[in-house]
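Participant: There's a structure below that I have some questions on.
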Amino acid sequence: MNAINLIEFVTIDEHADSINDGYFINGFNVGQWGDIPASYHNGSGSLTFADGHAELHKWLSRTTKVPVKTQYGTLPFDAPGRQDFKWLEERAALRLR
């Protein structure tokens, strides 16, 4: 059996209203965010990875780019929201080549 090398994101910029514990978690077969990624950087969020690289991603959807309201709530994904979620899902574990 061959080992698969994976790189997962180590840190993510989380939205202030969804910080409720010490980790960022989402089910990958759901229709809305559990914990919301931050969009503080002109509608973008950042991730860092175990290999030392980082990525800044411009979110597409209003369901991802949520203003801070000091209350928690999410909206069901629209089409761009599903694209944002897929982008994050693809980075939850990256196969090394």
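The values are calculated or read from the model by the stated rules, or taken from the named source; none is laboratory data. All values reported here derive from a predicted model rather than from experimental measurement. Note that each Cβ is placed from the backbone with ideal geometry, even for glycine, and that neighbours are counted across all protein chains shown.
Participant: I need the full set of residues from region 20-34 which are surrounded by 18 or more Cβ atoms within 10 Å (Cβ to Cβ) and touching a helix residue (DSSP H, G or I) at 6+ places or on another chain (Cβ under 8 Å), in order please. If you could, list the steps in order and put the result at the bottom.
Facilitator: As a first pass, look at region 20-34 and keep what is surrounded by 18 or more Cβ atoms within 10 Å (Cβ to Cβ): 24, 33.
Of everything in region 20-34, just one residue is surrounded by 18 or more Cβ atoms within 10 Å (Cβ to Cβ) and touching a helix residue (DSSP H, G or I) at 6+ places or on another chain (Cβ under 8 Å), namely W33.
Participant: Let me ask something else about it. Look at A16 and say whether it is small (G, A, S), surrounded by 12 or more Cβ atoms within 10 Å (Cβ to Cβ) and at pLDDT below 85.
Facilitator: Values: small (G, A, S): yes; surrounded by 12 or more Cβ atoms within 10 Å (Cβ to Cβ): yes; at pLDDT below 85: no.
So A16 fails the test.
Participant: Give all pairs with beta carbons closer than 7 Å in which a residue from region 45-56 that is more than 13 Å from E8 (Cβ to Cβ) meets a residue that is charged (D, E, K, R) and in a loop (DSSP other than H, G, I, E, B); count only pairs at least 6 apart in sequence or on separate chains.
Facilitator: Listed pairs, sorted by first residue: G45/D13; S46/D13.
Participant: Here is a follow-up. Is region 63-85 home to any residue that is surrounded by 13 or more Cβ atoms within 10 Å (Cβ to Cβ), in contact with a His (Cβ under 9 Å, 6 or more places away or on another chain), in a helix (DSSP H, G or I) and modelled with pLDDT of 90 or more?
Facilitator: Yes, region 63-85 contains a residue that is surrounded by 13 or more Cβ atoms within 10 Å (Cβ to Cβ), in contact with a His (Cβ under 9 Å, 6 or more places away or on another chain), in a helix (DSSP H, G or I) and modelled with pLDDT of 90 or more.
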